[in-house]
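The values are calculated or read from the model by the stated rules, or taken from the named source; none is laboratory data. The structure presented is a predicted model; accordingly, all values stated were derived computationally and were not measured. Here the Cβ is made from the backbone with ideal geometry for all residues, glycine too, and neighbour counts use every protein chain on show. The protein model used for the area step is the full one, side chains on, heavy atoms only, and it has no ligands, DNA or RNA in it. Shrake-Rupley method; radii C 1.70, N 1.55, O 1.52, S 1.80 Å.
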Amino acid sequence: MRRISSVLPDLALVAAAPLVVYSVQRVFLHTPNERTMGTAFKIFFFHVPMGWICMLMAIVCGVAAGVQLRRRSQRAAAVALAAAEIGFLTGLGVLLTGPIWGHATWGTPWTGDARQVTTALLWLVIASYLLLRHFGQHASERLAASLAIFGAVNVPLIYYAVKLWKTTHPTTGVVGSLPPAMWASFWPGLGALLLVSLGLFAVRARQLILEGELDEAFVRLEDPRP
Amino acid sequence: MRQSLLLLRSELRQELRDFELVMTSGFFTLVVLAMFYLSFAALEKKAHLAAIPGLLWLTVAFVGTLTLTRAFDREREADTLRALLAAPVDRLAIYFSKAASTLVVLLLCCALLVPGLASMFPAGQVFWDSPGQTAALVALGCLGYVAIGTLFAAGLAAGAGKNMLLAVILYPVTTPMLMWSLVTTRALLDKNPNLPDYLGQMAAVDVILLGLAALLFEPMLVGAPGRAQARRTARRPPRRNSDAPN
């Protein structure tokens, strides 16, 4: 069982490689252009999955941080850090592709609407979590964990921001209303990006756990008292 | 509850001795107000309507950070937070007393800030016209800010963390709450009939933030008991009858 779980991340990355190629060619060669937005709409197939993965990673980070606080688990701390790093990267992807799409559709890259602002805030929370983990002292790990929990609480806020506040952003039901041709291109792209993210997340988490175990072994070697 | 009130009384008594927090934060509020007046007084009324919510909540964010930093610096200098954590006091009482004392200081600063904004900018006249709603808005906004701020400021003070990290942590985490306050202030200035709904949403967010912060306070400051310690506590034999109070 342990052996299977150790090769799963590599399997995910290997499986993602052909799926990425397939989804890119499907989006650009076999998906019809949207009537009003034209080619710019193709960004949607990368922007939305990255947004979802960023929120998923923020939730994983928050849950792992909760376990870390509750059980003083170093493994959970490693999982939280790995999730935050992947969330940071996917969030950066969302914040870069969003303005490109917005510029083509709304004529301005940033309208300052609720969804944009709250997504940027979630990314800032993840960034401050990483800053705290990397530059804070040892005791600031617990502080960072609390921050991650607040970051996870921010996720439903982002989801409902579009409903609560007046916004120019597409509503939360836009994916469900896609025509079948676009729908069929959306899922392979989501699957590919999800596999890449989960694979990288698992590899990074394993690396951090090993790093922690190595540190502990080194401390035991230096100070063998029970 | 009783412990919270006792600790709050001690905090307020300490503050009444020299008014350190009220004086420094109040003076800072006045300075920020003066700077805003010099920068934005020449704008049109329409621009004031858009600017006032930002001016109000930016000042609250700045003053709140200053108050929290100074309040916990005092604890750090005398190492009193560690002493309190070691004392047989409910940790939640420590959190609520600290949050309440910070809220009092912040509300006193808002008592300068809101009338200041209302007098300096004609669009702020609404604050005079609806004092009840303004008071509710300011109280709910400050409560949300203080709920999160106290948690992280205490975490930094207890862990001997770097103070500059407070701003790094606090601004991204409190901005959703401040944004909510901003939208509600805009609704108040626009005389939006849905204002009570916005205030209700703010109250709900406050309750969630307070609950979450109260839940995290102890694990963050002292850490949850480890598994081994929890097992030892569970296995500990019951007290003998002779130990029990008569």
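Quick notes on this one:
- Computed FRET value (nearest 0.05) for B:Leu85 with B:Leu43, which takes r as the C-beta separation and R₀ as 45 Å: 0.40
- Cubic angstrom per residue, convex hull over Cα atoms of segment A:28-119: 97
- In nm, spacing of pseudo-spin labels at B:Glu20 and B:Leu215 (7 Å Cα→C-beta vector): 3.5
- Candidates B:Leu199, B:Leu103, B:Leu43, ranked by Gaussian network fluctuation over chain B, Cα under 10 Å, top entry: B:Leu43
- Peptide A:145-156 has a mean of 5 when you count, residue by residue, the C-beta atoms of other protein chains within 10 Å of its C-beta.
- Shape category assigned to the protein assembly as shown from the gyration tensor of Cα positions, a/c cut at 1.5: oblate
- Here the accessible area is traced with a 1.4 Å probe on the protein chains. For segment A:60-222, carbon and sulfur cover 68 percent of it.
- Summed buried accessible surface, chains B and A, 1.4 Å probe, nearest 100 Å²: 2600
- Loop-located GluC sites (Glu not before Pro) in segment B:1-108 whose Cβ has at most 12 other Cβ within 10 Å (DSSP): B:Glu44
- Solvent-accessible area per residue, Å², over chain A with all protein chains present [probe radius 1.4 Å]: 53
- Residue-by-residue Karplus 3J(HN,Hα) for segment B:213-218, coefficients 6.51, -1.76, 1.60, Hz, glycine and proline x: 5, 5, 5, 8, 4, 5
- Against the criterion of solvent-accessible heavy-atom surface with a 1.4 angstrom probe, B:Arg76, A:Arg35 sort, most first, into A:Arg35, B:Arg76.
- Highest GNM mean-square fluctuation among A:Ala84, A:Ala16, A:Ala58, for chain A modelled with Cα contacts below 10 Å: A:Ala16.
- Chain A, helix-only ellipticity at 222 nm - DSSP H runs n ≥ 4, -39,500 (n - 2.57), divided by all residues, nearest 500: -28500 deg cm²/dmol
- Label point of A:Leu13 set 7 angstrom out along Cα-Cβ; within segment A:196-226, amide nitrogens under 17 Å from it belong to A:196-211.
- Rounded if a/c under 1.5, otherwise prolate or oblate - chain A, Cα gyration tensor axes: oblate
- Between amide H atoms placed 1.01 Å from N, distances below 5 Å from A:Glu34 occur with A:Phe41, all of them 5 or more places distant or on a separate chain.
- Between B:Val31 and A:Asp223, the modelled label-to-label distance comes to 4.4 nm, taking each label 7 Å out from Cα in the direction of the beta carbon.
- Computed from label points 7 Å out along Cα-Cβ, the spacing between B:Leu92 and A:Thr108 is 4.6 nm.
- Using a probe of 1.4 Å, the accessible surface attributed to B:Phe127 totals some 10 Å² when neighbouring protein chains are kept in position.
- Comparing the full protein assembly with the isolated chain, the residues of segment A:62-79 losing at least 20 square angstrom of accessible surface (1.4 Å probe) are A:Leu69, A:Arg70, A:Arg71, A:Arg72.
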